[in-house]
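Below is one structure, written out as structure tokens; the observations come after it.
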Amino acid sequence: MKTTRPALRYGCLILASLALVASPVLAQTADPGGAPGVSATAAVISSVAITQAPERAAVRVEGEGRLEVHAARLQSPDRLVLDFAGARLHVDKTLIPGVSAPVRGVRLGQYRPDIARIVVDLTSEAPYQIAHDGTAVVIYFEVQPAAPADASAKTTTSTTTNVSEIETKSDAQARPQFHYAAAAPRSAVARSPKALQIPAPHFTLPNELTQPAFLLASFGGNGQPARPADTSAQQAAQQAIQQANTAASTMAAGGVSAPAGKYTGEPISVNLKDVDLRDFFRLIHEISGLNVVLDPAVKGTLTIVLDEVPWDQALDIVLQNNGLDKQLNGNVLRIATRDTLKKEAETQRDLEKAQADATNPVTVTRVLSYAKASALKDTLKKFLSSRGDILADDRSNQLIIRDIPQVIPTVDNLIRQLDRKSQQVEIEARVVAASRSFAQDIGTELGFAGTTTGGRSLFSGDPAVGGSGVTTGAGIPPSPVMVSSNGGTSGNGITTGIPLSTNLSAGTPTSGFGYSFRSPNFALDFFITASEAKGVGKLLSKPRVVTQNNEKATVKQGTKIPIQTTINNTISVQYIDAVLKLEVTPQITAEGTIFMDVLVENTQVDTGIPRVQGIPALDTQSAETKVLVADGGTVVIGGIIVSQQTVNIQQVPIAGSLPIIGYLFKRTTVNVQSQELLFFLTPRIIPG
């Protein structure tokens, strides 16, 4: 069969495209993580390809190691079963669609751990022949007579989604067709004609397709390739292969990353120029397996260049660029213009409204068990149709619903979801008020009296300061100066102590120490008095309340104080709470914790502050907060600590400031008080 010059030009174009997707290296070793029972030296099937020439088709199986095949023909339907003993599959596809008769498609599977099975589905009982080409196994099938010209000149397919310029119908008839699949994915750049045949993923090309002689010659009647028609065409094809391989290596070195995001379709590479939109959607059908239905208004041409883009992303890009949109119903993908879909939606909405208007409404009643009918009414109204209405009967806690029958199931479902028993929460609060006090009082008393020789000079304290309280008994010489009963001094032996020089005794002494000295000319009285007191007080208030989820609860304990007011000559009495109050709204979260809006208040009458017009002052401790607590956990939601310390010193001027000796001439009073107020909160979810 003679090859024309246009066919030669087409061969160069196809060869350049195929070389870009050809893998330079096949799989070398078996996968260590392969099926059990397969040794590391077993044969590996790395690629399966379907080739189609004008006079015969072939299925080529390539791999590593010796491929031993056993073939069996089956009928109903016609198919050829190929079992490869001691081999396993290392391909990413299990189904390869065929190009044309007699090969309808190829199915692949690991029949057993040590047997790989390839099933070739046939359109008829075509004769076949099995041959070995190096490590590859090729199964040839005779091609039936070609279809009419305008039917056979539809498409040409390459290893990816490609083919380039638009060519004449006679050129398409003269060229061979190729369809490859089931091999490791590769980056690819190729072209696609206006009429597209659907591509398969990228994989290694068979050796015979990388030779110019195969592309530049047609098959003769004996099933062997004819001689090339032109040596210059072969050289051009070889040069195209080299350029394509260089471009593929450059792309691989660039490290093309896999697409990320919401698209999960298989990556494809397309290079289309002025292609009919309907042919592109046919391509999507073949890649995705979805049934594609086009609206009659879908028309136009497409020019697009994409490399390694998920097919679903490519589809969205094309739809957006051409003002189209899609609808997916099961495995049927409908594509239409946005105006068409908008009109259909409006028509459907009008139809549903008309049907609803034509339907007679019905009236139903629903009894609520846990929710209040009046509270649920406003929520359910939002889900009624324009003709619907709902009323609440508080006496029987029922909802009266009137609407079209289609709406009633939706309302019933909402009632079932909302009318549920709420969980209950017990909240226990503890208000702890602790007080501590410490008082210390240390003082001295000093009195002395004496006379000089001859009795002309007299030394003593001041009777106005006080008397020492030491009396003169029998055998004790009287003091030179004594305090008389009337506050003066006398030397007549009145048994009253000498006047004090300093009187700084403790206010209410609980202990004391005294020293006295007497002689005819000198007397001395010295006293130390002291007192100390400590006190600890504790007040515990423990309010507790139980409430439903998301419902406020309040508990109080205390006194209401009446207050009389006069406004416009009208006397009225109001009552103010002086109580311990707990107010809380719990919310049970999905994790089982409890979120609470809490107010704890402890108010009492303050007796230390004088009343104003008979109205007492109030002493209040309160805490208000929002807190998240685990079930059964305890949290401190607030605390107040008040500390007060006073030190008072009374002393004799100058003498009281002297080191050490100064303590004999001073009185020191220390008073320390502290108050603590703490709020503890413990929520518990009540079971059931």
Original post:
For the range 604-634, how many residues are in contact (Cβ under 8 Å) with a residue 24 or more places away in the chain, within 17 Å of Arg544 (Cα to Cα) and part of a strand (DSSP E or B)?
Top reply: 3
Original post:
Can you find a residue in the range 582-595 that is in contact (Cβ under 8 Å) with a residue 24 or more places away in the chain and open to solvent by 80 Å² or more (accessible area, probe 1.4 Å)?
Top reply: yes
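Kindly indicate which of Thr554, Thr559, Thr502, Thr547 is β-branched (Val, Ile, Thr) and more than 60 Å from the chain's Cα centre (by Cα).
Values: Thr554 fails: more than 60 Å from the chain's Cα centre (by Cα); Thr559 fails: more than 60 Å from the chain's Cα centre (by Cα); Thr547 fails: more than 60 Å from the chain's Cα centre (by Cα).
Only one candidate passes the filter, namely Thr502.
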**OP:** Select from the range 641-663 the residues that are hydroxyl-bearing (Ser, Thr, Tyr) and open to solvent by 80 Å² or more (accessible area, probe 1.4 Å) and list them in ascending order.
**Re:** Ser643, Ser657, Tyr663
Subject >> Single unsatisfied condition, Gly105 versus (1) within 24 Å of Gly289 (Cβ to Cβ); (2) open to solvent by less than 40 Å² (accessible area, probe 1.4 Å); (3) not in a strand (DSSP E or B) >> reply: (3)
**OP:** Please state which of the following conditions Gln406 fails to meet, knowing it meets all the rest: (1) modelled with pLDDT under 90; (2) over 28 Å from Gly688 (Cβ atoms); (3) open to solvent by 50 Å² or more (accessible area, probe 1.4 Å); (4) part of a strand (DSSP E or B).
**Re:** (4)
Subject >> Among residues of the range 130-145, those that are under 22 Å from Glu64 (Cα atoms), assigned to a strand (DSSP E or B) and in contact with a strand residue (DSSP E or B) (Cβ under 7 Å, 6 or more places away or on another chain), counted >> reply: 7
**OP:** For the range 274-295, state whether one or more residues are in a loop (DSSP other than H, G, I, E, B), modelled with pLDDT of 90 or more and closer than 18 Å to Gln327 by Cβ.
**Re:** yes
**OP:** Go through the range 473-511 and give me each residue that's surrounded by fewer than 20 Cβ atoms within 10 Å (Cβ to Cβ), modelled with pLDDT of 65 or more and more than 30 Å from Thr669 (Cα to Cα).
**Re:** Pro477, Pro478
**OP:** Could you run through the range 530-581 and say how many residues are of a type in the set (A, V, I, L, M, F, W, C), over 30 Å from Gly514 (Cβ atoms) and surrounded by fewer than 15 Cβ atoms within 10 Å (Cβ to Cβ)?
**Re:** 9
Original post:
Based on what the data block shows, is Gly514 assigned to a strand (DSSP E or B), exposed (fewer than 12 other Cβ atoms within 10 Å of the Cβ), in contact with a strand residue (DSSP E or B) (Cβ under 6 Å, 6 or more places away or on another chain) and touching a residue at least 24 places away in the same chain (Cβ under 8 Å)?
Top reply: no
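Confirm whether Ala429 is crowded, with 18+ Cβ neighbours inside 10 Å, out of contact with any helix residue (DSSP H, G or I) (no Cβ under 7 Å at 6 or more places or on another chain) and either modelled with pLDDT under 90 or not in a loop (DSSP other than H, G, I, E, B) (or both). Write out each step before concluding.
Numbers: crowded, with 18+ Cβ neighbours inside 10 Å: yes; out of contact with any helix residue (DSSP H, G or I) (no Cβ under 7 Å at 6 or more places or on another chain): yes; either modelled with pLDDT under 90 or not in a loop (DSSP other than H, G, I, E, B) (or both): yes.
Judged against the criteria, Ala429 is a match.
The values are calculated or read from the model by the stated rules, or taken from the named source; none is laboratory data. Model, not experiment: these values are computed from the prediction. With ideal geometry, Cβ positions are generated from the backbone for all residues, glycine too; neighbour counts draw on all protein chains shown. With ligands, DNA and RNA removed, areas are computed over all heavy atoms of the protein, side chains included. Shrake-Rupley method; radii C 1.70, N 1.55, O 1.52, S 1.80 Å.
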